[in-house]
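Working notes, beginning with the structure itself.
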2 protein chains.
Amino acid sequence: MSASTTGGRTSEARTRLLSTATRIFYTEGIHSVGVDRIIEEAQVTRATLYRHFKGKEELVLAYLLQADQAIRGQVEAVRAQELPAPDTVRAVARTITEGIRSSGFRGCAFLNAAAEYPDPSHPVHQAVLAHRQWFLETAVELLDQAGCTPADAAGRHFVMLRDGAMAAGCLFDPALISETFLHGVEGILRPA
Amino acid sequence: MSASTTGGRTSEARTRLLSTATRIFYTEGIHSVGVDRIIEEAQVTRATLYRHFKGKEELVLAYLLQADQAIRGQVEAVRAQELPAPDTVRAVARTITEGIRSSGFRGCAFLNAAAEYPDPSHPVHQAVLAHRQWFLETAVELLDQAGCTPADAAGRHFVMLRDGAMAAGCLFDPALISETFLHGVEGILRPA
DNA sequence: ACCGAGGGAGAACGTTCGGTCTCTTTTTAT
DNA sequence: ATAAAAAGAGACCGAACGTTCTCCCTCGGT
């Protein structure tokens with residue numbers, strides 16, 4: 001039936017499991033869904049889940065890792081265009097608003113996860129922190145190249161606006177949120 | 001032992017119950033703590049909980065109602081000072097940063113609750129929406145009085161910054177978050 | 001003196017949770 | 001051809017979940 005090899009890490013059942021977990025965790029939260037829900041919708045048996053993941057927590061971490069890589073990919077794709085620096089910032093902001101306006105948008109996967117795992121020492125919480133550190137560094141770098149000074153403050157300002165937009169994007173009119181966000185980003189880009 | 005009457009709604013056991021629930025829900029999340037934890041720390045029996053609340057959900061709603069009233073009280077206290085309009089905005093912003101910098105800060109109770117109750121039709125989610133609507137209206141009103149035009153956009157901008165600051169306040173250095181937030185608010189206040 | 005509400009103590013309910021187990025079948029690699 | 005790995009099917013575990021229940025004691029108001 002399948003043409004590709006079934007090499008351990010990229011098994012088809014594992015893929016189905018992870019994409020199902022991603023969808024359900026993102027749209028319904030983490031603590032409120034059990035593994036039974038996931039194995040049922042992934043059409044996988046219980047044993048298969050625990051063959052690929054040590055437990056639910058590892059599945060959650062894999063979900064966040066996947067989300068992290070997706071976002072990094074988006075940013076890399078924008079950078080590869082080699083636009084003028086301010087336009088690169090604008091393009092990244094636009095991809096964010098596209099996410100907010102897309103159907104099924106449920107906020108930032110990482111902010112949502114942090115709300116469910118408040119303990120800073122928990123692996124899930126730390127995965128959130130790691131992603132956010134990368135994003136902040138990236139924002140500072142992009143705004144520095146765009147000539148914003150001090151770039152640190154500008155980067156933090158950008159991230160703060162993004163966090164607000166992502167958090168509110170599923171609690172208010174996404175179009176208005178996007179407009180407000182883009183306007184705020186122009187404010188950061190504009191020389192003081 | 002107690003001097004006041006034991007009139008239904010303000011019973012001492014109920015108060016202990018609600019303040020305990022508030023503390024635990026805020027610091028540890030909602031889905032991840034069971035009623036057993038709450039009744040144990042509140043030193044109340046199971047029957048007492050269900051005499052005062054129909055179930056856990058009603059306890060969650062009472063927790064959010066209490067948080068809502070606390071925040072409204074803060075804003076009212078600032079307004080009562082009758083400062084010049086821009087200073088009123090600054091004072092509200094400062095109370096927000098004081099929250100962020102206070103020990104035990106765990107983000108916005110409402111954003112956290114929304115992350116755990118994504119279903120828009122759920123009573124808890126709706127309580128979050130109601131609180132946010134009030135806050136947005138208040139922000140627009142204050143910024144309008146401060147001479148910001150258009151006040152709608154300014155209010156949305158203010159709320160977005162606040163959301164970002166509250167969300168990130170427990171994921172990054174609170175002092176830097178506060179500084180960034182206050183700086184952003186000055187940007188909103190400053191005439192374009 | 002009395003009655004009813006509030007509260008304490010704790011057993012019990014059925015359900016769901018995350019996780020482990022055995023057994024069989026299919027698939028892939030050598 | 002054969003052994004190892006992957007997957008399906010499903011029983012099973014102890015624990016925790018939210019909820020309801022009975023029983024008893026202590027008050028406060030009439």
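Observations
- Inter-chain shielding of B:30-39 (mean C-beta neighbours from other protein chains, 10 Å cut-off): 2
- Think of the stretch B:49-192 as a dipole: +1 on every Lys or Arg Cβ, -1 on every Asp or Glu Cβ, centred on the Cα centre; then among B:F172, B:L61, B:L189, B:L61 lies furthest on the positive end.
- Average Cα contact separation per residue, chain A, under 8 Å, 6 or more apart, as relative contact order %: 20
- Basic side chains Lys and Arg get +1 at the Cβ, acidic Asp and Glu get -1 at the Cβ, and with that the dipole of the stretch A:33-192 about its Cα centre reaches some 220 debye.
- Estimated vicinal HN-Hα couplings, Hz - the stretch A:35-48 in sequence order (Karplus 6.51, -1.76, 1.60; Gly, Pro = x): 5, 4, 4, 5, 5, 5, 6, 7, 6, 9, 8, 3, 4, 5
- Cα-based Rg / Dmax (Å) for chain B: 18.6, 62
- Dimensions (Å) - the protein assembly as shown, Cα atoms, principal axes, largest first: 78, 57, 32
- Of the residues A:C170, A:C108, A:C148, the one with the fewest other Cβ atoms within 10 Å heads the list, and the complete ranking is A:C170, A:C148, A:C108.
- Label distances, nm, B:R101 versus same residue in remaining copies, Cβ-directed 7 Å point: 3.9
- For peptide A:136-149, the mean count of partner chain Cβ atoms within 10 Å of a residue's Cβ comes to 0.
- Note on the stretch B:43-93 and the stretch B:122-155: Cα centroid distance 17 Å, given to the nearest whole angstrom.
- Per-residue average of Cβ from other chains inside 10 Å of A:115-122: 5
- Three principal axis extents of the stretch A:21-78 based on alpha-carbon atoms, in descending order, are 40, 23, 19 Å.
- Sorted by Cβ density within 10 Å, fewest first, the residues B:S178, B:S102, A:S32, A:S19: B:S102, A:S19, A:S32, B:S178
Just so you know, all these numbers are worked out from the coordinates, no wet-lab data involved. All values derive from a computational prediction rather than experimental measurement. Cβ coordinates were reconstructed from backbone atoms using ideal geometry, including for glycine residues, and neighbour counts include every protein chain displayed.
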